[in-house]
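Notes for the one structure printed next.
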């Protein structure tokens, strides 16, 4: 019995000693804090709370009034047959809003010289323009400096508030030079730039003082061809890619006895000419057509990858393909000779991919 009471006493002792010290309730803390404040301080705190509550109530009232006013205005516009028409613009590449985008909205059935329904720039906050327009069918067009114009959008505006989102793609600025292949001096040349689809995108003239030209290209298009023609120079066709910021066009003077036919592409390790070589083949054909008495020799060169024999056969086969392409276009076969040189005449050492690419070439020798 004595042991039982000792165990009970020990249990209560541990319970009392081990009881955690609990934090005072929040309201008790606030009451204790209030007790420490002086009457003047309590008055100021009460005034602050009252002012904050009044400010919040005023803000809520203004928002409510604004919403009610907008709702009433919307109802009135719809009643009048002029619901709001919103146009938003953004950057297709980054997804960011594009303020200062010029928006033109015109009725589909409007006369050619009629003033557009909307003709202004998007605002800085939301990158949008808005106007109450009668329900109907409209054309929407957007343009901004440094961006390609968006495709014109056809939109059917209904008896309610509608919105149209237009996306513009940023232009890529590419600089290139037109120079003499022997002297590196600028050449005055007529330049025509075409997209991969063949559509002409730019026509300009380089001058003999400033070699560098700049053009804006769409980097969604895989490549562009640059056609350069100049007096006393052979025509030149080069390929330019929009994501490459700089390119050069080398013009070969006519007094030289040979020139490299650039932008001729073959299937890897084969003699088959790829479709991307059409522009260069057409330039060679025009050169031969303009000089009906000119005879040429097509000389093929390879790099040093592979055996001497395979490279010799490859170079001869590629020369034959270029010759046949000219014959198919109507050039007399007797005007064209071929000479496969394999890897025997490199113009630079075959010690890098770039150098080997330079050594893989088709040369035109004037006879």
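Values as computed for the structure displayed
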{"quantity": "Distance between modelled label sites at residue 96 and residue 145, nm, 7 Å Cα→Cβ extension", "calculated": "1.7"}
{"quantity": "Paramagnetic reach from residue 285 (point 7 Å along Cα→Cβ, amide N under 19 Å) across region 330-353", "calculated": "330-337"}
{"quantity": "Computed Kirkwood radius, in angstrom, where 1/r is averaged over Cα pairs of region 254-308", "calculated": "13.3"}
{"quantity": "By average C-beta atoms within 10 angstrom, highest first, the peptides 110-121, 146-157", "calculated": "146-157, 110-121"}
{"quantity": "Residue-span extension gain [residue 165 to residue 137] - 0.36 nm each, minus C-alpha spacing", "calculated": "8.5 nm"}
{"quantity": "Residue list for region 96-113, given a label point 7 angstrom along the Cα-to-Cβ vector of residue 152 and an amide N cut-off under 12 Å", "calculated": "104-113"}
{"quantity": "Volume per residue that the Cα convex hull of region 258-367 spans, once the total is divided by residue count, Å³", "calculated": "92"}
{"quantity": "Region 80-169 - share of DSSP beta bridges that are antiparallel (%, nearest 5)", "calculated": "75"}
{"quantity": "FRET efficiency estimate (nearest 0.05) - Cβ-Cβ, residue 255 to residue 344, R0 25 angstrom", "calculated": "0.40"}
{"quantity": "Fraction in percent of alpha-carbon pairs per bin - 10 Å, region 112-211", "calculated": "11, 29, 23, 18, 13, 6, 1"}
{"quantity": "Mean-position separation - Cα centroids, region 265-289 and region 142-207, in angstrom", "calculated": "27"}
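Read the figures in this text as sums done on the coordinates, not as results from a lab. The shown structure was predicted, so the numbers you read here are calculated from the model rather than taken from an experiment. Cβ sites come from the backbone with ideal geometry, for glycine too, and all protein chains shown count toward neighbours.
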